[in-house]
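Read through the structure below, which is laid out as structure tokens, and then see the notes.
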Amino acid sequence: MKSPVLLIFCAVMTSMCHVHAEDTPPNIVMIISDDQSWTDYSFMGHSDIRTPHLDRLAARSATFRRGYVPVALCRPSLATMITGLYPHQHGITGNDPSPNPNLSADQQNELRERLISKIDACPTAPQLLGPKGYVSFQSGKWWEGNYRRGGFTEGMTRGFPQRGGRHGDDGLDIGRKGMQPVLNFIDSAVDRKKPFFLWYAPFLPHTPHTPPQRLLSKYETAGRDPALAKYYAMCEWFDETCGELINHLEQKNVFENTLIVYVTDNGWIQRTGDMKLPDGWKQGFAPKSKQSPYDGGTRTPIMVCWPKKIPPADRPELVSSIDLMPTMLAAAGVEIPENLPGLNLLPACCNQEKLTRNELYGESFAHDVADVDQPEASLLYRWVIEDHWKLLLTYDGKTNRYAAAHLNLGPGPQLFDLKADPMEDHNVAADHKDIVARLAGKLDNWWKVTSRKTVTTVE
């Protein structure tokens, strides 16, 4: 039986987490790293990379070290964050329509527009926050045309077919060329006394790896591959921009009532000259990172910071980027659409209670979309994690640019014990056929249930 003191404490914490009508809605800031491994932060234990600003954020957050994204490719991953839906639900499964030499340039552009139009059918975070009085700003990576198509009231990306419109055009300048557009937006929103939603998804530490020399010189050491030194410096450069953003929130006296969520779109393990690679591998990253269903591609720390409501804590539970949308909406007092598959993390974060969910699901598709109307045409993998077990199943979707054969996976199931084998080097499926069968059943049921859930349209 809980003591009266503990019951009172829990009641107070629950009340703290509830958004009352008289409360000032929190500002909401999404910080999204681009191509960074879950290991590559000093607060995650990296021995060389320095990330002091994100370390400080982690110390002030509910920090989930076992966070994941359901897909390890930037465009579908970002679409999941802004809609709260799995890629097979929102329909944006790859970065580009598959090239077809039989199509004219105009026809290829029509295909690209059809892929962009998927965002029009899905309510996004800024669209759902708008009726609550939120103003919103897009900066950094944004593949879905003009920022207004995502429901942002302001933004940097003009959108395809403008210069660089494929994945961000002018938005990609943020961070690399300073933070002023973001800082100006915050200043304007504060002056107007408007709650704001900020999408900060800089092209960092993504290639090209062109860090300032003042940072690069810190990582250029004897025996270290120059490509690795550049990547390490890019991680610290990204961290600096996060520090500038967070410091500005503090200077404007809005940090305490700002919900900051942190996540990476997908992982990255820098390719170096001493790596053993599959024949024909030409990518700048290692095979078991970006675009792969392995933890090197899908795992990320996820932080939820709201000083006014959430006590700092180091959290061991499994969480996913699909949980960010319901969490942000709940913080703003917005009704969560019934079709969203993620969890609202606020009650657990505020009350410091353990999440009851024990599994996560994900999927991998080809880089290029084989059929913009049939997600399964590009499907390569589905995976499920239950506690420390991870099951990976391979499918025969068209592989286009990045073939499954490059990883020499074969058609059989792969089972990994993430506790004993965090690098997923040893497939133990043959030794645990009962676990494979059970998890495969869960994976099949997840796909059926989530595929039935319809998209809720915006009124």
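Just how large is the dipole of the stretch 25-361 about the Cα centre, in debye to the nearest 20, putting +1 at every Lys and Arg Cβ and -1 at every Asp and Glu Cβ?
140
Give the cross-link partners of LYS282 among the lysines, using a straight C-alpha distance below 16 Å as the criterion and excluding same-chain residues fewer than 8 apart.
The reachable lysines, counting only those whose Cα sits under 16 Å from LYS282, are LYS290.
Return the distance in nm (one decimal) between the two label points of a simple spin-label model at LEU418 and LYS194, each offset 7 Å from Cα along Cα→Cβ.
The two pseudo-label positions are separated by 4.0 nm.
Would you mind ranking LYS288, LYS276 by Cβ crowding within 10 Å, fewest neighbours first?
LYS276, LYS288
Residues in the stretch 261-280, backbone N under 13 Å from the label point at ASP425 (7 Å along the Cα-to-beta-carbon vector): list them, ranges by number please.
Output list for this probe position: 276.
Report the gain in length on full extension from LYS282 to LYS218: 0.36 nm times residue separation, minus Cα-Cα distance, nm rounded to one decimal.
This chain segment gains 20.2 nm when fully extended.
For the chain, what relative contact order do you get, as a whole percent, if you take Cα pairs closer than 8 Å and at least 6 residues apart?
Relative contact order of the chain: 24 percent.
Rounded, prolate or oblate: pick one for the chain, where a ≥ b ≥ c are the square roots of the eigenvalues of its C-alpha gyration tensor, a/c under 1.5 means rounded, and failing that, prolate if a/b is larger than b/c, else oblate. Let's see the in-between values first.
Numbers: a/c = 1.26, a/b = 1.17, b/c = 1.07.
Here the chain falls in the rounded category.
Work out the charge dipole of the chain with +1 on the Cβ of Lys and Arg and -1 on the Cβ of Asp and Glu about the Cα centre, then indicate which of TYR361, MET303, LEU115 is farthest towards its positive end.
Looking along the dipole axis, the top candidate is MET303.
Neighbouring Cβ atoms within 10 Å as the yardstick, rank GLU338, GLU424, GLU256 fewest first.
If I rank by nearby Cβ atoms, fewest first, I get GLU338, GLU256, GLU424.
Please report the antiparallel percentage of DSSP beta bridges with both residues in the stretch 25-361, rounded to the nearest 5.
Working: 10 of 35 bridges.
Approximately 30 percent, going by the DSSP bridge assignments.
Take the Cβ-Cβ distance between ASP314 and ASN358 as r, set R0 to 25 Å, and report the resulting FRET efficiency rounded to the nearest 0.05.
It comes out at approximately 0.85.
In what sequence do TRP38, TRP268, TRP281 fall when counting other Cβ within 10 Å, fewest first?
TRP281, TRP38, TRP268
None of the figures in this text is laboratory data; all of them are computed from the coordinates on show. Note that the coordinates shown come from a computational prediction; the quantities given were computed from them, not determined experimentally. Positions of Cβ are generated from backbone atoms using ideal geometry, with glycine treated the same way; all protein chains shown enter the neighbour counts.
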